[in-house]
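Here's the structure, in structure tokens; my notes come after.
The values are calculated or read from the model by the stated rules, or taken from the named source; none is laboratory data. The structure displayed is predicted, hence computed values, not measured ones. Reconstructed Cβ throughout: ideal geometry from the backbone, glycine too, with neighbour counts over all protein chains shown.
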Protein chains: 4
Amino acid sequence: MSSSTETAQGWLRPEELDDVRDRVPIVYVEALPVRVDHLGAVERVGLLLRHRPDGTFSRAVVSGRVLYGETIREALWRHLSKDLGPEALPQLPTHPAPFTVVEYFPDDGRRSGFTDPRQHAVSLAYIVPVDGECSPAQDTLDLAWLSPGEALMETVAADMSGGQDRLVRLALAHAGIAP
Amino acid sequence: MSSSTETAQGWLRPEELDDVRDRVPIVYVEALPVRVDHLGAVERVGLLLRHRPDGTFSRAVVSGRVLYGETIREALWRHLSKDLGPEALPQLPTHPAPFTVVEYFPDDGRRSGFTDPRQHAVSLAYIVPVDGECSPAQDTLDLAWLSPGEALMETVAADMSGGQDRLVRLALAHAGIAP
Amino acid sequence: MSSSTETAQGWLRPEELDDVRDRVPIVYVEALPVRVDHLGAVERVGLLLRHRPDGTFSRAVVSGRVLYGETIREALWRHLSKDLGPEALPQLPTHPAPFTVVEYFPDDGRRSGFTDPRQHAVSLAYIVPVDGECSPAQDTLDLAWLSPGEALMETVAADMSGGQDRLVRLALAHAGIAP
Amino acid sequence: MSSSTETAQGWLRPEELDDVRDRVPIVYVEALPVRVDHLGAVERVGLLLRHRPDGTFSRAVVSGRVLYGETIREALWRHLSKDLGPEALPQLPTHPAPFTVVEYFPDDGRRSGFTDPRQHAVSLAYIVPVDGECSPAQDTLDLAWLSPGEALMETVAADMSGGQDRLVRLALAHAGIAP
């Protein structure tokens with residue numbers, strides 16, 4: 001696919017990336033995959049399940065870096081395709097504005113409540129309806145489709161890190177759903 | 001379909017509606033149907049073509065009243081299905097907030113620039129990607145799919161009334177497209 | 001002030017309003033007053049306190065009808081001035097789009113979770129920073145400024161009716177604050 | 001002020017910045033300063049005037065980089081204070097979501113229509129009402145307050161570069177104002 005060629009220049013060797021991460025905020029995109037009914041109302045929220053080294057698992061939304069030369073739409077498509085598989089058919093938003101911007105800092109000192117030990121990341125967050133079949137790839141164990149009520153439960157939040165449980169709450173609120 | 005039964009109570013006789021229109025603002029929904037590429041970017045804008053009594057035609061976005069007891073999502077679905085046909089497969093937004101609110105007044109005195117001789121209408125406007133086949137029904141002559149550049153042309157604006165040409169511009173701006 | 005003359009035609013006698021309320025959805029505006037720091041971050045949330053007939057009190061956001069011939073901005077200003085006093089200096093948003101739309105139905109049958117026994121109301125909701133001195137007027141007992149954390153507490157939610165506690169949660173989420 | 005100490009680590013030597021700019025997209029904030037009436041409607045748009053080496057001048061919105069460790073709100077405040085002076089009293093938004101995201105690329109190849117020869121920048125754009133007195137500082141010649149109609153004129157657009165004239169149009173559309 002042409003977009004991989006176009007963005008190939010954006011890839012960095014690990015040591016290059018580490019170097020950059022100490023100097024500037026890194027642009028991220030995050031997407032909450034959802035299943036909607038025919039009226040557009042959210043019925044299910046998709047959370048990725050991943051193994052942790054200690055044998056437990058963690059839950060996460062789709063998330064990743066925007067590469068040099070890559071558009072936000074291309075980055076969203078790339079990360080969604082990687083995490084949900086090539087048949088997921090994500091419906092990217094028509095508007096460029098995210099529903100929220102999450103600022104991850106290496107420490108809690110900034111008190112944004114969102115942390116990422118690797119970097120200062122500025123993350124543009126979107127809700128993305130997904131119509132097709134999802135087959136989690138790579139390092140993803142599974143994709144769990146939860147009802148909005150389940151996604152808001154404390155026990156689910158406990159499996160998420162860096163504040164992503166709160167990102168899920170912000171996303172559902174944007175969709176009109178509050179606990 | 002159950003929703004038609006549920007909302008049946010919302011229908012009013014013409015004289016009832018006229019009576020209400022003199023007393024309160026009327027809730028409307030408006031939708032700009034769009035064709036998008038796989039990255040969600042707007043490729044085409046759908047405008048309805050209708051005959052005018054004088055033999056010319058006018059262009060319009062999908063627009064209609066919200067009935068008593070009807071949700072906004074149901075009203076959007078009903079008007080889109082009526083104007084684009086039952087196979088249009090509109091993808092309603094996951095969020096309840098419109099990208100703009102248009103206030104139509106019977107006269108120019110309020111200087112909103114949006115007018116409707118019949119009523120004071122408060123209209124919630126949405127961009128709606130449409131995936132399926134469209135077969136304009138009822139009083140609609142045709143549905144024209146224009147490029148964003150064409151939709152922004154003065155000659156197209158001249159065929160729209162009440163300020164709807166400006167609504168199209170606001171919608172495209174929300175999608176990141178400016179003249 | 002000229003706007004009161006202009007909107008005077010919008011007032012209805014109680015029996016007229018009852019009549020209309022049975023026929024069409026009624027347009028409302030709702031505003032969550034907030035105190036912000038110099039960077040725009042929400043520090044305090046303003047909730048109105050009102051006596052209930054049974055001696056207890058209820059909490060509410062600023063809320064009211066949009067009159068015939070009145071703009072949304074005028075309606076917001078009128079209700080904020082009435083509830084917070086003439087010195088509140090509310091900073092109305094520059095954009096017409098609300099952060100959410102709340103649909104109140106007379107019964108729970110629509111399962112929106114928002115109810116209003118009097119009517120079907122479509123309410124455009126805004127967050128409004130308030131800079132000046134507030135002196136609650138009319139039927140309002142007091143205005144309580146709560147921290148976002150306090151506003152999200154269950155005990156506070158229990159004092160709100162019709163689902164307004166959830167509206168507060170949706171508003172705080174829009175401001176980037178999740179429980 | 002403490003924030004300058006906190007963000008001091010974010011400053012980079014020119015050669016460091018050049019190095020980073022070749023590797024990752026750079027996070028920017030942009031703000032369109034506006035004067036609003038008491039109902040929040042935009043009355044004037046503030047554009048910075050700067051000398052060009054050739055003796056002509058250019059117009060621009062407030063714009064600048066987000067530093068490592070700096071929040072978006074802090075970056076907005078810093079750039080607004082620098083460009084409009086310390087008495088401008090900008091009213092930063094209560095919500096973190098920008099009204100649009102602009103993607104600047106070094107070449108036109110990406111066809112975003114927004115270009116920046118120095119870098120790939122991802123810019124979060126906000127409308128910021130400004131209440132106080134503005135005294136443009138540093139390299140800014142002047143600050144011109146234009147009516148929305150003037151700001152949308154072709155002759156004004158011709159004085160802006162990189163596509164910022166279109167950013168002004170997107171901002172005004174968000175405020176409900178279309179040409």
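How many residues are of a type outside the set (A, V, I, L, M, F, W, C), in contact with a helix residue (DSSP H, G or I) (Cβ under 7 Å, 6 or more places away or on another chain) and more than 8 Å from every other protein chain (Cβ to nearest Cβ) when one looks only at segment C:88-112? Before you say what the answer is, go through the steps one by one.
So in segment C:88-112, the residues of a type outside the set (A, V, I, L, M, F, W, C) come out as C:90-91, C:93-96, C:98, C:100, C:103-104, C:106-112.
Next cut, in contact with a helix residue (DSSP H, G or I) (Cβ under 7 Å, 6 or more places away or on another chain) only: C:90, C:95-96, C:100, C:103.
Of the ones still in play, those that are also more than 8 Å from every other protein chain (Cβ to nearest Cβ) are C:90.
Number of matching residues: 1.
Quick one: which residue in A:Val34, A:Val20 is over 16 Å from B:His38 (Cα atoms), in contact (Cβ under 8 Å) with a residue 12 or more places away in the chain and not small (Gly, Ala, Ser)? Quick ask: steps written out before the conclusion?
Values: A:Val20 fails: in contact (Cβ under 8 Å) with a residue 12 or more places away in the chain.
Only one candidate passes the filter, namely A:Val34.
Of the residues that make up segment C:52-70, is at least one touching a residue at least 24 places away in the same chain (Cβ under 8 Å), acidic (Asp, Glu) and out of contact with any helix residue (DSSP H, G or I) (no Cβ under 6 Å at 6 or more places or on another chain)?
no
Scan segment B:87-100 and give yes if some residue there is free of Cβ contacts under 8 Å to residues at least 24 places away in the same chain, within 20 Å of B:Arg21 (Cα to Cα) and either surrounded by 23 or more Cβ atoms within 10 Å (Cβ to Cβ) or more than 16 Å from the chain's Cα centre (by Cα) (or both), otherwise no.
no
Any residue at all in segment B:98-121 that is closer than 27 Å to A:Gly176 by Cα, modelled with pLDDT of 85 or more, among the aromatic types (Phe, Trp, Tyr) and assigned to a loop (DSSP other than H, G, I, E, B)?
yes
May I ask you to say which residue of C:Arg50, C:Arg73, C:Arg118 is among the basic types (Lys, Arg) and farther than 20 Å from C:Gly10 by Cβ?
C:Arg50
Which residue is surrounded by the fewest Cβ atoms within 10 Å (Cβ to Cβ), if the candidates are limited to segment D:153-179 and must be more than 9 Å from every other protein chain (Cβ to nearest Cβ) and in a loop (DSSP other than H, G, I, E, B)?
Here the answer is D:Ala158.
If you go through segment A:148-175, how many residues are without any contact (Cβ under 8 Å) to a residue 24 or more places away in the chain and closer than 20 Å to C:Phe114 by Cα?
Number of matching residues: 3.
Please determine whether any residue of segment B:117-138 is without any contact (Cβ under 8 Å) to a residue 60 or more places away in the chain and crowded, with 17+ Cβ neighbours inside 10 Å.
Within segment B:117-138 (the criterion being without any contact (Cβ under 8 Å) to a residue 60 or more places away in the chain and crowded, with 17+ Cβ neighbours inside 10 Å), the answer is no, since none of the residues qualifies.
Can you list the strands (runs of 3 or more DSSP E) found entirely within segment C:22-87 that contain at least 1 residues being hydroxyl-bearing (Ser, Thr, Tyr) and either away from chain D (no Cβ under 13 Å) or within 30 Å of D:Ala31 (Cα to Cα) (or both)? Don't jump to the end; show me each part of the working.
Values: elements: C:26-36, C:42-51, C:57-60, C:62-65.
In segment C:22-87, the matching strands (runs of 3 or more DSSP E) lie at C:26-36, C:57-60, C:62-65.
Just one of the numbered conditions (1) touching a residue at least 24 places away in the same chain (Cβ under 8 Å); (2) surrounded by fewer than 22 Cβ atoms within 10 Å (Cβ to Cβ); (3) not small (Gly, Ala, Ser) is not true of B:Leu39; which one?
Unmet for B:Leu39, out of (1) touching a residue at least 24 places away in the same chain (Cβ under 8 Å); (2) surrounded by fewer than 22 Cβ atoms within 10 Å (Cβ to Cβ); (3) not small (Gly, Ala, Ser): (1).
Among the residues of segment B:125-144, which ones are out of contact with any Phe, Trp or Tyr (no Cβ under 7 Å at 6 or more places or on another chain) and under 18 Å from B:Ala173 (Cα atoms)?
B:Val128, B:Pro129
Only residues that are at pLDDT 90 or above and over 22 Å from the mean Cα position of the chain (by Cα): list them for segment B:1-35, please.
The answer is B:Arg23, and nothing else.
Does A:Trp145 fit the bill of being away from chain B (no Cβ under 14 Å), among the aromatic types (Phe, Trp, Tyr), within 26 Å of A:His38 (Cα to Cα) and in contact (Cβ under 8 Å) with a residue 60 or more places away in the chain?
Details: away from chain B (no Cβ under 14 Å): yes; among the aromatic types (Phe, Trp, Tyr): yes; within 26 Å of A:His38 (Cα to Cα): yes; in contact (Cβ under 8 Å) with a residue 60 or more places away in the chain: yes.
Taking the combined requirement at face value, the residue satisfies it.
Going through segment C:132-148 one residue at a time, which ones are modelled with pLDDT of 95 or more and either aliphatic (A, V, I, L, M) or outside any loop (DSSP other than H, G, I, E, B) (or both)?
Residues satisfying the conditions are C:Trp145, C:Leu146, C:Pro148.
Would you point out which residue out of C:Ala121, C:Ala151 is touching a strand residue (DSSP E or B) at 6+ places or on another chain (Cβ under 9 Å) and closer than 26 Å to A:Gln164 by Cα?
C:Ala151
Taking A:Pro129 as the residue in question, decide whether it is assigned to a strand (DSSP E or B) and more than 24 Å from C:Gln164 (Cα to Cα).
Here the answer is yes, as A:Pro129 does meet what is asked.
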